[in-house]
Amino acid sequence: TATTPAQSFIELLKEQLGFSWLGMGEDFALGKGRHGDVHFLRSISEQYAYQLQVFPPVELEGEVISSSRIRAYLAEGDIKPAANMLGRPYRLWGEVVEGDGRGRTIGIPTANLLLNKEKVVPASGVYACRAKVGDDYLAAAVNIGTRPTFDGEHAKNWVEAHLIDFSGDLYGQHISLDFCERLRGEQRFPGVEELLQQIRRDIQKTREVVST
């Protein structure tokens, strides 16, 4: 963890994995205060009997690929450049938990996901995703945000997935979402009918995106 001294972290890895080779990027650092940088890890490599290999930065279209840059893209809702750097779509997964059932009352049921707190959640908005439920893959229109049309000032963050052409009980199951495209930002609509019209457009667009 971030509070573990770098040398203690290496000792733990050695005990658990018995590794003899360690690869890292030039700006990587581990342990408390990021003390475990290239110079430190090289200085203790003989003591812990491992070979250290340092890799130069990898660029994509003139930009260095890094976890911080990927997180920044996700925070802006820029799904496609994040996926380009990852080499795959960005993925969230979690357990389906009970929400307030509002989606079902308007005819568009959603699966509410309980996520790992350490996962980066993309910017608020509506996304076209490919969902995996068991062994099945489905198109999913996913809303991330505070549902301002219903909740107003007392909103809280939600990750809700409408699994297109799916029927069944998902409570307690784990599903994953691969983010394909951001369709729009979060909006507040004057009423439920206007919201429904937009959701139907979102679902149709999701079908088109995920089928390609």
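Taking each pair of distinct Cα atoms in the stretch 15-135 once, what is the resulting Kirkwood hydrodynamic radius in Å?
About 18.2 Å for the stretch 15-135.
Suppose a student asked you for the relative contact order of the chain, using Cα pairs under 8 Å spaced at least 6 residues apart; what percent would you report?
17
What whole-number value in Å² describes the accessible area per residue of the chain for a 1.4 Å probe?
The answer is 59 Å² per residue.
Could you check how much of the accessible area of the chain is carbon and sulfur, as a whole percent, using a 1.4 Å probe?
Carbon plus sulfur share of accessible area: 49 percent.
Would you check the accessible area of Ile199, probe 1.4 Å, heavy atoms only, in square angstrom rounded to 10?
30
Which of the lysines could a cross-linker span from Lys119 if the Cα-Cα distance has to be under 26 Å and same-chain partners fewer than 8 positions apart are dropped?
Candidates past the 8-residue exclusion: Lys32, Lys80, Lys132, Lys156.
May I ask you to derive the FRET efficiency for Val38 and Arg188 from their Cβ-Cβ distance with R0 = 45 Å, giving the value to the nearest 0.05?
Efficiency computed from Cβ-Cβ geometry: 0.35.
With every atom except the alpha carbons ignored, what do you get for Rg and Dmax of the stretch 21-77, in angstroms?
Over the stretch 21-77's Cα set, Rg and Dmax evaluate to 14.1, 45 Å.
How large, in Å, is the chain by the Kirkwood hydrodynamic radius built from its alpha-carbon pairs?
19.8
Quick check on the chain: helices-only [θ] at 222 nm, where DSSP H runs of length 4 and up contribute -39,500 (n - 2.57) each and the sum goes over total residues. Nearest 500, please.
Estimated from H runs of four or more residues: -8500 deg cm²/dmol.
Would you pull out the residues with amide H under 5 Å of Thr4's amide H, same chain only if 5 or more places away, H placed 1.01 Å from N?
Lys32
Modelling each spin label as a point 7 Å along the Cα-to-Cβ direction, I'd like the Gln173/Asn84 distance in nm, to one decimal.
Using points 7 Å along Cα→Cβ, the separation is 3.5 nm.
Suppose each label sits 7 Å from its Cα in the direction of the beta carbon; what would the Ala49-Ser124 distance come out to in nanometres?
Between Ala49 and Ser124, the label points sit 5.6 nm apart.
Normalising by the residue count of the stretch 1-127, find the relative contact order in percent from Cα pairs under 8 Å and 6+ residues apart.
18
With all protein chains present and a 1.4 Å probe, how do Thr110, Thr3, Thr206 order by accessible area, largest first?
Final ranking, largest accessible area leading: Thr3, Thr110, Thr206.
The values are calculated or read from the model by the stated rules, or taken from the named source; none is laboratory data. This structure is a prediction, so every number in the text was calculated from the model and none was measured. Note: ideal-geometry Cβ built from the backbone for every residue, glycine included; neighbour counts use all protein chains shown. Remember, those area values only see protein heavy atoms, side chains included, never the ligands or the DNA or RNA. Shrake-Rupley method; radii C 1.70, N 1.55, O 1.52, S 1.80 Å.
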